[in-house]
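Peer 1: Handing you a structure now.
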Amino acid sequence: MSFEEFVARRHAAGELVVQPRMGFADPAAMRAGLAATRSAAAATVGTVTLDSYTRVCDTASVAHALRNGIALNGYPIVNHPADVTRAMLDGLEGPEFPVQVRHGSARPADIFRAMIAAGLHATEGGPVSYCLPYSRTPLDESVRNWAHCCDLLLDAEHPAGRPHLETFGGCMMGQLCPPSELVALSVLEALFFYRRGVRSISVSYAQQTNMTQDQEAVSALRRLCAELLPEATWHVVIYAYMGLFPRTSDGARGLLGTAAELAVSTGSERLIVKTTAEAHRIPTVAENVAALEHAGAVARSVTGKATVDRDNQVYREAYALVDAVLNSHADLGRAIVVAFKRGLLDVPYCLHPDNAGQARSYLDPTGRLGWSELGSLPLRRVVESHHADRITSSTLMSALSHIQNVYDAEALEQPMRAIGGES
């Protein structure tokens with residue numbers, strides 16, 4: 001059973017698939033993390049998250065770290081021989097527990113080769129989302145790299161089923177990118193994979209700052225994918241909030257629970273979780289398992305589906321962005337590069353040289369994300385109104401910490417519990 005088939009079967013059974021971010025340099029530790037994920041009381045898939053050196057193709061630094069016992073922040077799949085990775089996965093990865101490789105690279109060819117050699121067929125990223133926030137690689141080079149990697153994936157034999165690619169475009173910058181652009185980037189990366197021949201795709205969307213707006217965004221994402229990916233099998237993956245996370249344990253659990261509610265209420269099939277340690281350090285395996293089980297429990301308690309206007313504001317903006325890109329050039333990879341050069345795509349607060357850096361966003365009093373400055377975005381006839389006040393360092397910091405403060409305040413307002421459990 002392939003990655004896509006596992007997710008589809010669980011969704012048909014009424015279960016939300018939950019997934020951690022998890023990566024360890026030592027194969028034994030990586031295996032233990034996967035085993036704990038598989039044993040969690042939830043519908044889970046496994047994750048092998050790679051280290052930062054591998055992300056930027058610095059295999060020499062990885063080799064130095066492995067020789068000298070220096071800690072790495074993920075699994076160095078390129079440096080570990082394929083038989084070592086296969087042994088690490090043996091008896092765990094399979095039809096009832098697919099494993100996805102997560103990496104963050106704008107130059108991922110060696111990662112794809114190592115993943116394929118190890119027998120894995122599911123990974124994620126994209127030419128925009130793994131370039132602009134994470135690297136100095138020119139965007140046109142990243143587009144070429146990702147086109148090549150799609151070919152590598154499709155040319156390889158995959159006994160377990162079709163190869164699967166997940167977009168990361170719906171998570172750009174983690175926070176303060178208006179949902180319409182997240183939707184547009186996720187759709188464009190999915191369409192990029194599709195036009196390269198990939199037919200098993202998942203589209204990402206990161207939880208933002210207003211539940212209703214997020215539900216509108218997922219509706220827009222689904223509608224655009226249905227229109228543009230007619231022959232693909234695709235599903236939606238929600239990411240728990242990727243900005244400043246609550247510092248209190250109750251606040252962190254509350255925010256993760258809201259992400260699970262967003263996933264279920266929008267019919268999304270999969271959720272990437274975060275833990276109570278997010279604001280402080282890299283989580284332990286036990287904390288990851290606790291997050292998986294909490295998200296799964298909340299998901300089982302949610303029964304209703306969101307009622308959303310299909311022609312909502314997020315859809316109208318996302319449609320305009322996608323349409324402008326598709327009309328920029330017949331070749332989608334080239335169209336994406338041209339769109340960023342012209343400012344037709346412009347990610348707020350992104351410092352990559354290929355991003356125009358003229359668009360800005362703001363939070364309104366209800367927590368909805370909007371545009372304060374449009375730059376050259378093709379939205380002047382679409383955006384109902386935009387914020388006229390200039391964004392200052394103070395208002396930016398307030399927006400960045402908004403979710404953290406809201407959920408921590410709610411947690412601190414709850415009755416204090418003594419060791420014995422009494423209020």
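Peer 1: Would you check if residue 261 is open to solvent by 40 Å² or more (accessible area, probe 1.4 Å), out of contact with any His (no Cβ under 6 Å at 6 or more places or on another chain), under 21 Å from residue 3 (Cβ atoms) and not hydrophobic (A, V, I, L, M, F, W, C)? Don't jump to the end; show me each part of the working.
Peer 2: Working: open to solvent by 40 Å² or more (accessible area, probe 1.4 Å): yes; out of contact with any His (no Cβ under 6 Å at 6 or more places or on another chain): yes; under 21 Å from residue 3 (Cβ atoms): no; not hydrophobic (A, V, I, L, M, F, W, C): yes.
The answer is no for residue 261.
Peer 1: Name the strands (runs of 3 or more DSSP E) wholly within the range 69-177 that hold at least 2 residues that are at pLDDT 95 or above and open to solvent by 10 Å² or more (accessible area, probe 1.4 Å)? Outline the logic, then answer.
Peer 2: Working: elements: 99-102, 122-125, 164-167.
In the range 69-177, no matching strands (runs of 3 or more DSSP E) lie anywhere.
Okay, residues lined up against (1) of a type in the set (Gly, Ala, Ser); (2) in contact (Cβ under 8 Å) with a residue 24 or more places away in the chain:
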| position | (1), (2) |
| --- | --- |
| 284 | no, no |
| 296 | yes, yes |
| 309 | no, yes |
| 314 | no, yes |
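Peer 1: Sticking with this structure for a sec: When you scan the range 52-62, how many residues do you find that are open to solvent by 30 Å² or more (accessible area, probe 1.4 Å) and over 24 Å from the mean Cα position of the chain (by Cα)? Outline the logic, then answer.
Peer 2: Just the residues of the range 52-62 that are open to solvent by 30 Å² or more (accessible area, probe 1.4 Å), to begin with: 52-53, 55-61.
Imposing the further condition that a residue be over 24 Å from the mean Cα position of the chain (by Cα) reduces the set to 59-61.
Number of matching residues: 3.
Peer 1: Out of 236, 187, which single residue is closer than 16 Å to residue 122 by Cα, among the β-branched types (Val, Ile, Thr) and modelled with pLDDT of 95 or more? Walk me through how you get there before you give the answer.
Peer 2: Values: 187 fails: closer than 16 Å to residue 122 by Cα.
Of the residues listed, the single one that is closer than 16 Å to residue 122 by Cα, among the β-branched types (Val, Ile, Thr) and modelled with pLDDT of 95 or more is 236.
Peer 1: Filter the range 200-256 down to residues that are under 21 Å from residue 294 (Cβ atoms), open to solvent by 30 Å² or more (accessible area, probe 1.4 Å) and among the hydrophobic types (A, V, I, L, M, F, W, C), then give me how many there are.
Peer 2: Number satisfying all stated conditions: 3.
Peer 1: Now, a different point. Given the criteria aliphatic (A, V, I, L, M), in contact with a Lys or Arg (Cβ under 8 Å, 6 or more places away or on another chain), under 26 Å from residue 362 (Cβ atoms) and modelled with pLDDT of 95 or more, does residue 262 qualify?
Peer 2: Against the criterion (aliphatic (A, V, I, L, M), in contact with a Lys or Arg (Cβ under 8 Å, 6 or more places away or on another chain), under 26 Å from residue 362 (Cβ atoms) and modelled with pLDDT of 95 or more), residue 262 does not qualify.
Peer 1: Has the range 260-269 got at least one residue that is hydrophobic (A, V, I, L, M, F, W, C) and more than 18 Å from the chain's Cα centre (by Cα)? Lay out the reasoning, then the answer.
Peer 2: Step one: of the range 260-269, the residues hydrophobic (A, V, I, L, M, F, W, C) are 260, 262-264.
Subsequent filtering for residues that are more than 18 Å from the chain's Cα centre (by Cα) retains none.
No, because not a single residue in the range 260-269 is hydrophobic (A, V, I, L, M, F, W, C) and more than 18 Å from the chain's Cα centre (by Cα).
Peer 1: Filter the range 353-373 down to the residues that are within 24 Å of residue 327 (Cβ to Cβ) and open to solvent by less than 10 Å² (accessible area, probe 1.4 Å) and list them by number.
Peer 2: Within the range 353-373, the subset within 24 Å of residue 327 (Cβ to Cβ) is 354-359, 371, 373.
Once the filter is applied, which keeps residues that are within 24 Å of residue 327 (Cβ to Cβ) and open to solvent by less than 10 Å² (accessible area, probe 1.4 Å), the range 353-373 yields 359, 371.
Peer 1: Further question on the same structure: Just checking: which of the helices (runs of 4 or more DSSP H) contained wholly in the range 298-404 hold 1 or more residues that are within 24 Å of the chain's Cα centre (by Cα) and over 21 Å from residue 127 (Cα atoms)? Step through it out loud before you land on a result.
Peer 2: Details: elements: 313-326, 332-342, 393-400.
In the range 298-404, 313-326, 393-400 are the helices (runs of 4 or more DSSP H) which contain 1 or more residues that are within 24 Å of the chain's Cα centre (by Cα) and over 21 Å from residue 127 (Cα atoms).
Peer 1: Kindly list, by first and then second residue, each pair from a residue in the range 320-337 that is under 16 Å from residue 196 (Cα atoms) to a residue that is open to solvent by less than 10 Å² (accessible area, probe 1.4 Å) and among the β-branched types (Val, Ile, Thr), limited to pairs with Cβ atoms under 7 Å and residues at least 6 apart or on different chains.
Peer 2: Correct list of pairs: 335/325; 336/128; 336/325.
Peer 1: For residue 183, indicate whether it is part of a loop (DSSP other than H, G, I, E, B), open to solvent by less than 10 Å² (accessible area, probe 1.4 Å) and aliphatic (A, V, I, L, M). Explain how you work it out, then say what you get.
Peer 2: Details: part of a loop (DSSP other than H, G, I, E, B): no; open to solvent by less than 10 Å² (accessible area, probe 1.4 Å): yes; aliphatic (A, V, I, L, M): yes.
Criteria not met by residue 183.
Peer 1: Inspect the range 290-301 for any residue being surrounded by fewer than 16 Cβ atoms within 10 Å (Cβ to Cβ) and of a type in the set (A, V, I, L, M) and give the result as yes or no.
Peer 2: Restricting attention to the range 290-301, the residues satisfying the condition of being surrounded by fewer than 16 Cβ atoms within 10 Å (Cβ to Cβ) are 297, 300-301.
Within this subset, residues satisfying the condition of being of a type in the set (A, V, I, L, M) are 297.
Yes, the conditions are met somewhere in the range 290-301.
The values are calculated or read from the model by the stated rules, or taken from the named source; none is laboratory data. Keep in mind it's a predicted model, so treat the numbers as computed, not measured. Glycine also receives a Cβ, built like all others from the backbone with ideal geometry; neighbour counts cover every protein chain displayed. All accessible areas refer to the heavy atoms of the entire protein, side chains included, with ligands and DNA or RNA removed. Shrake-Rupley method; radii C 1.70, N 1.55, O 1.52, S 1.80 Å.
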